Amino acid sequence: MTALLFVFSVFLVAQTHEGQARELDLAGWVALAYQNSPAISSADASLLSSEASLTNSKSFLWPSLTLSAGASRSWSSVSLPGGSIEDVEANSYSTSLSLSQELLQSGGQNWLYLEASELSLLAAEADHKGDVLNVTMDVVSAYYSVLEAVELKKAAEFAHERSRSQLERTEALYEIGASTTLQLLQVQVQESGDRLTVSRREQSLFSAYSNLFNAAGVDHNSENLQINPDAVVEPLPLESVRRIPLDFTENPNLVSASFRARASELQSTAAGRAYWPSLRASAGWSWNDNTLDDVDRMFDHDGFNAGVNLSWNVFDGFLRESRIKSARASSLVSQASLETLENSVSSSIESLSNSLKIDIQYYSDSELMLDQAQEQYRLSLMSYEMGALPLMDLLSAQSDLSQAEANLVSARVAALTSEASLMIQLGRMPRLGE
């Protein structure tokens with residue numbers, strides 16, 4: 001992931017041109033999201049927390065070394081024979097160094113908890129990968145929405161240009177009496193509708209760009225960025241789609257749930273070890289004296305100790321039994337969640353695969369429909385100019401062409417989005433460019 005971010009960063013620098021808008025392809029927008037998205041920062045923090053938990057679980061592998069030192073002064077009054085009182089002052093100095101090492105905690109409970117923490121870290125890494133893929137999918141969806149808005153706006157402008165040209169011809173014919181008022185009104189309505197469609201497409205494009213900036217974690221008021229419509233991949237052929245392996249074992253959510261289920265099972269086993277005793281070894285050195293002046297005799301009052309301590313919790317008010325039952329319940333819940341997620345991911349991938357095949361087929365059909373609509377409009381225009389076709393039929397052919405152009409744009413975006421969704425669900429990075 002670090003290498004990928006570096007490549008993306010270099011790409012972004014290469015794309016920068018001061019004083020003009022930067023056109024980024026999909027990979028560039030994803031790179032921006034990796035750098036700026038709050039979701040990525042949150043995922044990094046969660047992973048760091050899991051790493052800290054593992055370090056905490058490993059602490060028992062190392063001995064505990066404690067150094068302490070102290071100095072005190074005391075005042076007291078002593079009664080002497082004869083009734084007199086003498087004030088006595090005394091100094092006291094001490095220091096100690098103790099070393100302790102846990103040899104066995106509740107029959108090896110700590111080793112099981114350590115293994116469970118390692119599995120939890122692997123689950124956190126899978127969650128991190130899933131968060132990265134989710135951010136990628138958000139950017140991909142927003143990017144393709146902008147692409148659709150851009151292409152639909154172009155299609156609307158082409159349609160408006162055709163209707164405007166037709167309106168100019170009809171107005172010229174109307175002035176010389178070769179066209180009726182009804183025909184003029186029909187063309188005016190067509191031109192007005194196409195002009196309104198252009199305005200709506202412009203608004204849709206603005207909204208789509210806002211969503212893309214939000215997905216990438218970029219302020220649209222401070223960054224002059226656009227997509228590069230010429231750097232978009234084409235939908236895969238149907239045969240290539242059929243060859244995509246539908247092995248969902250790399251799905252991050254599934255991988256994470258699997259690790260957490262195994263960790264919960266280990267924690268349940270570890271909780272049952274609470275009936276076993278614990279063993280700890282310790283050693284230490286201590287010194288105390290009432291002066292620091294005589295260095296030669298300073299360490300005549302020190303001592304050493306070493307020992308082994310065995311502790312066994314015989315009864316704790318059923319707290320141990322409660323923890324065992326709670327850990328067992330968590331293990332059962334984790335296992336049930338894993339089975340449910342497996343069924344959900346399996347059905348989701350099958351559904352996405354079928355949807356992708358349908359979208360690819362519809363994209364192929366839309367290309368044929370566009371070719372047909374273009375040819376139909378060309379023939380209708382020729383027939384109308386020769387006087388062999390009514391104006392309404394020409395306007396109908398013109399509307400069919402506009403619709404076919406829009407359908408092709410939407411079909412292309414739908415196929416690309418479905419493909420990315422399937423790859424994300426499979427736990428793989430979608431195509432970000434050729």
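The values are calculated or read from the model by the stated rules, or taken from the named source; none is laboratory data. Owing to the predicted nature of the structure, the values given are computational and were not obtained by experimental measurement. Cβ coordinates were reconstructed from backbone atoms using ideal geometry, including for glycine residues, and neighbour counts include every protein chain displayed. To get the accessible areas, we keep the full protein, side chains included, count just its heavy atoms, and leave off ligands, DNA and RNA. Shrake-Rupley method; radii C 1.70, N 1.55, O 1.52, S 1.80 Å.
For the reader, a short list of remarks on this structure follows.
- In order along region 183-192, phi translates into HN-Hα couplings of 5, 4, 5, 4, 5, 5, 4, 4, 5, 5 Hz, rounded to whole numbers, per the Karplus curve 6.51 cos²θ - 1.76 cosθ + 1.60 with θ = phi - 60° and x for Gly and Pro.
- About the Cα centre, charge dipole magnitude for region 157-240 (Lys/Arg +1, Asp/Glu -1 at Cβ), debye: 300
- Exposed trypsin sites (Lys or Arg not before Pro) absent: longest stretch of the chain, with sites in DSSP loops and at most 11 other Cβ within 10 Å deemed exposed: 1-242
- What the Kirkwood sum gives for the chain is a hydrodynamic radius of 29.3 Å, with every pair of different alpha carbons counted.
- Shape category assigned to region 34-152 from the gyration tensor of Cα positions, a/c cut at 1.5: prolate
- Computed from point charges on the beta carbon alone (+1 for Lys and Arg, -1 for Asp and Glu), the dipole magnitude for the chain about its Cα centre is near 1060 Debye.
- Straight Cα distances below 14 angstrom link K58 to the aspartates and glutamates E102, E115, E118, with same-chain residues fewer than 8 positions distant left out.
- Rolling a 1.4 Å probe over the heavy atoms of the protein chains gives the chain an accessible area of 57 Å² per residue.
- Dipole axis of region 103-169 (+1 Lys, Arg; -1 Asp, Glu on Cβ), positive-most option in L104, L167, A155: L167
- GNM result for the chain, Cα springs below 10 Å: residue of S421, S74, S355 fluctuating most strongly: S74
- Distance in nm between pseudo-label sites at N36 and Y93 (7 Å out along the Cβ direction from Cα): 6.4
- Per DSSP, loop chymotrypsin sites (Phe, Trp or Tyr not before Pro) in region 260-365 with at most 16 further Cβ within 10 Å: W312, F315, F318
- Cβ charges +1 (Lys, Arg) and -1 (Asp, Glu), total dipole of region 94-199, debye: 420
- If you wrap the tightest convex hull around every Cα atom of region 170-231 and split its volume per residue, you get 128 Å³.
- Comparing mean-square fluctuations of D289, D138, D127 from a GNM of the chain with C-alpha springs under 10 Å, the top value falls on D289.
- Net +/- balance of residues flanking L133 in space, Cβ distance below 15 Å, scoring K and R +1, D and E -1: -4
- For region 204-264: rounded, prolate or oblate by the Cα gyration tensor [a/c cutoff 1.5]: oblate
- Computed from backbone phi with θ = phi - 60° and the Karplus coefficients 6.51, -1.76 and 1.60, the 3J(HN,Hα) list for region 266-277 is 5, 5, 5, 5, 5, 4, x, 6, 5, 6, 8, x Hz; x is used for glycine and proline.
- Relative contact order for region 41-142, counting Cα pairs under 8 Å that sit 6 or more residues apart, in percent: 36
- Cα lying deepest toward the dipole's positive end in the chain, options S399, G433, A43, charges on Cβ: A43
- Neighbourhood net charge (11 Å Cβ-Cβ; Lys/Arg +1, Asp/Glu -1) for A420: 0
- With a Förster radius of 45 Å applied to the C-beta separation of A281 and S337, the computed FRET efficiency comes to 0.65.
- Positive-end extreme of charge dipole, the chain - chosen from S383, S337, P229 (charges on Cβ): S337
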